[in-house]
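Step one of this worksheet: look at the structure below.
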Amino acid sequence: MSNKKVLITGGAGFLGSHLCDRFINNGYDVICMDNLLTGSASNIEHLFGNPSFQFIEHDVTNYIYVKGNLDMILHFASPASPIDYLEMPIQTLKVGSLGTHKALGLAKEKNARFLLASTSEVYGDPQIHPQPESYWGNVNPIGFRGVYDEAKRFAEAMTMAYHRFHGVETRIVRIFNTYGARMRLEDGRALPTFMSQALRNEDITVFGDGSQSRSFTYVDDLVEGIYRLAHSDYVEPVNIGNPQEITILEFAEEIIRLTGSKSKIIHKELPKDDPQVRKPDISKAREILSWEPEVDRAAGLKKTLEYFKEQIG
Ligand code: UDP
């Protein structure tokens, strides 16, 4: 019997590449598709030559052709950091809308299951805390984050429409801030920025007074949650994230302590529409997937530090 086959769009990105590893380890044949706009061949080079792995360089906003059968599509292609949205607003909108449409069309054609990588950004700057899946969110459609938030909201709507109208088997994961090896050093997000600054003994740039909170998930926990959701029969969105919440100022201090850095904290202007709080309500994931995070921040940051040390030399 031949292996099951999964297509992972955005498979050369931070999360996509970890999913390539996980699905190969679980006996799947993996087709990784990426245009390498924010993804990198270095994230998947260890898989080249593996007979279960194939890489196709392609922009999924254009018609997607894949030969043969497909059992599953994981749609992870998208820029995914605030700096990326600022620099690539149109590509961000296009991949969330046109790219999701193309990937869903392929799922329908191949009779494949489709999993959408959605995001806690669909909740915008939330007025309900922590955020359950039933919350509709508080998004500024014309702000600079709007290009990502609205594209992902559209992608969720499109995914549900393909499910209801065409009977495509769909899953939606709402991913909260995730960290681990293979994050881009220069993507402008808090964790890679603080780690790089700390390891170089440069000033740590906390935006605003740092009282805004986030809840950081270690990548292995996220991948486990996604793997379980992909194999469940649950159609509506599921939050996957670690509810361990921390303010950004405390997070910066934690990274200084962890690295033993001489860096000082400085404050910069808070970007517009920066969510003041974020923390997942994971009751659904607990109940439906029997999932909860296993790696706490101290352990996860320690592992991640090794990667950043290697990168920075
Ligand atoms: N942040 C910061 N300094 C930086 C980068 C980010 O203080 O150099 C803050 C940012 O304003 C936000 C939080 O850290 O409040 C998390 O930002 P990130 O870009 O990692 O993710 P997101 O805002 O999408 O959760």
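The values are calculated or read from the model by the stated rules, or taken from the named source; none is laboratory data. The model shown is predicted, which means the values in this text are computed figures rather than measured ones. All Cβ positions, even for glycine, are placed from backbone atoms using ideal geometry, and neighbour counts span all protein chains on display. With ligands, DNA and RNA removed, areas are computed over all heavy atoms of the protein, side chains included. Shrake-Rupley method; radii C 1.70, N 1.55, O 1.52, S 1.80 Å.
Please report the net charge: other residues with Cβ closer than 13 Å to the Cβ of Asn140, K and R +1, D and E -1.
Taking every Cβ under 13 Å from that of Asn140, the sum is -3.
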For the stretch 154-251, what is the relative contact order in percent, using Cα pairs closer than 8 Å and at least 6 residues apart in sequence? 38
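Does the stretch 66-164 come out rounded, prolate or oblate, given a ≥ b ≥ c as the square roots of the eigenvalues of its C-alpha gyration tensor, rounded meaning a/c under 1.5 and, failing that, prolate meaning a/b above b/c? Walk me through the numbers before you get to the answer.
Details: a/c = 2.56, a/b = 1.55, b/c = 1.65.
The shape class here is oblate.
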Modelled label-to-label distance, Asn3 and Gln276, 7 Å Cα→beta-carbon offset: nm? 4.9
Long-range amide H partners of Phe207 with built H, under 5 Å: Lys268
Give, in whole angstrom and from largest to smallest, the semi-axes √(5λ) of the equivalent ellipsoid of the chain, with λ running over the eigenvalues of the Cα gyration tensor. 31, 22, 18
Arrange the residues Arg278, Arg164, Arg189, Arg200 by how much accessible surface each exposes, largest first, with a 1.4 angstrom probe. Arg164, Arg200, Arg189, Arg278
Would you calculate the separation in nanometres between label points at Asp233 and Gln127, each defined as 7 Å from the Cα along the Cα-to-beta-carbon direction? 3.8
In whole Å, what are the Cα extents of the stretch 10-98 along the three principal axes, biggest one first? 38, 25, 17
In degrees, nearest 10, range 0 to 90: what is the angle between the Cα axis of helix 146-166 and the longest Cα principal axis of the chain? 30
Please report the Cα spread of the stretch 128-202 along all three principal axes, rounded to whole Å, starting with the longest. 55, 26, 24
Using a Gaussian network model of the chain with C-alpha springs under 10 Å, which one of Gly16, Gly208, Gly99 is most mobile by mean-square fluctuation? Gly208
Starting from the alpha-carbon convex hull of the stretch 33-72, give the projected area averaged over all orientations, in nm². 3.6
Less than 29 Å apart at the alpha-carbon level, and either on another chain or at least 8 residues along: which lysines does that give for Lys264? Lys272, Lys279, Lys302, Lys303, Lys309
Compute the projected area of the convex hull of the Cα atoms of the stretch 210-313, averaged over all viewing directions, and report it in nm² to one decimal place. 8.3
Suppose R0 equals 30 Å; then what is the FRET efficiency for Thr205 and Asn26 from their Cβ-Cβ distance, rounded to the nearest 0.05? 0.15
For the chain, set up a Gaussian network in which alpha carbons nearer than 10 Å are linked by springs, and say which option among Tyr234, Tyr28, Tyr65 fluctuates the most. Tyr65
Given H placed 1.01 Å from N in the peptide plane, which residues other than close sequence neighbours of Thr119 have an amide H under 5 Å from its amide H? Ile175
